[in-house]
Each structure stands twice: as C-alpha cells, then as structure tokens.
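Trainee: Below are the structure tokens for one structure; questions will follow.
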Amino acid sequence: TNDRMLRYKRISTHFFMDTFEVTEKAVSQRKNRYMQLFVSDAGFMYVYPMRKKTEIPLAVKAFAKEIGIPTSLILDPEGTHRGDELRKVANEMNCPLKFLERKTQWANLAELYIGLTKEAIRKDMKDSDSPLKFWDYCAERRVLINNLTSKDLFLLQGSNANTKITGQPGDISNLCQFGWFEWVYFKDKNNFPYQEEKLGRCLGPAKNYSNEMSQWILKDTMHITATHTVRCLSDKEIADPTII
C-alpha cells in the first residue's frame, strides 16, 4: 500500500516553486545547470540543484522528505511542470498542484525570491572572486542564511522562517564562523608524510556528512571534500603569508 502521505510531515501552508538556470558556460562543478526553488509565504526557501529540467519530480520528492508536504504547490503552467511524472509524484503524496494563469508570472512568489537569491549569489562571488562553477554551493549556503535570518514580516512574529516552518530554532554555528570561499585550514589524513593540516577554500555547510559543523572544502587539487576538522586562519597567519 502507498503510505507515503502518512510517513511525510504535513505543513499547513502553501509553497510556491519555480526553476532558474545559468548560462551554458557556467555549468557548475557538479554538472548542475538548473536549480528548483521552493518558497513559502513566510519566506522559507528550499533549493534542489539539477542537471536537467526533467529532474523536477526528484526535487519535489527531496523537498517532501526533508521539509514536508505543503497544503499545495503553486507553480507556473510551463511544459516541464505539466509532466505526467510530476503529477504522479504529487498524487502519491496527496499534495495538490495549483497552476497559475498563463502570463501571470508575477503572481508566483518564487519569481521574487529567485531574483533575490541570484543577486545574493552574484554579490558573494564578486566579493570573494570565486569561480562561477561553484554557484550551486553558494546558492545552498545563501538559502540557509535566509531561513535563519529574522525579518520584519508579520507571519514570522519576530522569529525566522526556519522556526516558522520546521518548529526548530535552528543553529547558525556552521554559517557564522566561515565566510563564502574563505581561506581555511583542514586536516587531510590521507596526506602522509606531508603536513596533516592543509589550506583550502570553504564552500559552505556539507549536508548529511559527519556532524553539523562539516563544510565543503575546495582542495589545492581542485577536488572537493567534506570535513568537520576545519578552522579559520588566525590573524597572525593572515598578516604573515610566510607562516602559511
């Protein structure tokens, strides 16, 4: 029997969803070109990176497993959103799909938050001079910051979007200590007999790896690893490059 609707958490609010893409030259290091964004009226966001638009049903499944099943999903009536696979997934979860009228994209709240997210990503990547191929890591980090930041919205009542939707206060420890693309030290235990502590670049929290403090780290070999043995550079190390 299908007990999916019983296993997933139910959220008593509507969610809007939409897809944004990057140019072909900016395909990410993980081969992602698209990002599916889900947003509630309280400003809670969830993103799922995709290689193809046909992965939208997978994004909906991931959203339902991690966040829950909303009262309904509101989306534009474009081709990929009209697919049979998406309808099947929504029916199995007992999640109604509500389609907006054509040529009324302004009514989709996800359009506004896509613009805000893009601008935040542009700013982070410009300020840090980071390569464009890591834009999807930057997007995931920006969404976490958005959800844990209090805003002047009546629906939030002085709290943040994460608390409003999940009921949990949230933890900013893995976000406040490291900036985007910041130089950090991490331990590479597979580097014997060289020094165990190596320099790397921080790409944001690594979900589902080790503990909550785990971070994605760009190594000097241009490979990315997840580790919780990471620390910021000291003032002395920043001031004197010869120490590094």
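Nothing in this text is a laboratory measurement; each read-out follows from the coordinates by a stated rule. Note that this is a predicted model, so its numbers are computed, not measured. We place every Cβ from the backbone using ideal geometry, glycine too, and count neighbours over all the protein chains shown.
Trainee: For the stretch 60-159, which chymotrypsin sites (Phe, Trp or Tyr not before Pro) are both in a DSSP coil and crowded by at most 10 other Cβ atoms within 10 Å?
Mentor: Phe154
Trainee: Turning to a different aspect of this structure: Less than 15 Å Cβ to Cβ from Phe181, Lys/Arg counted +1 and Asp/Glu -1: what total charge do the surrounding residues give?
Mentor: My count for the surroundings of Phe181 gives +1.
Trainee: Provide the percentage of antiparallel DSSP beta bridges, counting only those with both residues in the stretch 21-140; round to the nearest 5.
Mentor: Beta bridges within the stretch 21-140, antiparallel portion: roughly 70 percent.
Trainee: Pairs to check: Lys25/Lys88; Lys88/Lys118; Lys98/Lys151; Lys31/Lys118; Lys164/Lys219; Lys25/Lys53. Give those whose C-alpha atoms are more than 25 Å from each other in this structure.
Mentor: Lys25/Lys88; Lys88/Lys118; Lys98/Lys151; Lys164/Lys219
Trainee: Which percent, nearest 5, of DSSP beta bridges in the chain are antiparallel?
Mentor: Once the DSSP bridges in the chain are tallied, antiparallel ones form about 80 percent.
Trainee: Identify the chymotrypsin sites (Phe, Trp or Tyr not before Pro) of the stretch 180-218 meeting these criteria: DSSP loop state and at most 12 other C-beta atoms within 10 Å of the C-beta.
Mentor: Taking the stretch 180-218 and a limit of 12 other Cβ atoms within 10 Å, the loop chymotrypsin sites (Phe, Trp or Tyr not before Pro) found are Tyr194.
Trainee: Where in the stretch 68-131 are there trypsin sites (Lys or Arg not before Pro) that are in a DSSP coil and have at most 15 other Cβ atoms within 10 angstrom of their Cβ?
Mentor: Arg102, Lys103
Trainee: When the Cα centres of the stretch 171-244 and the stretch 5-83 are compared, how far apart do they sit, in Å?
Mentor: 30 Å
Trainee: If exposed GluC sites (Glu not before Pro) are those in a DSSP loop with at most 12 other Cβ within 10 Å, what is the longest stretch of the chain that has none?
Mentor: The longest such stretch corresponds to 102-211.
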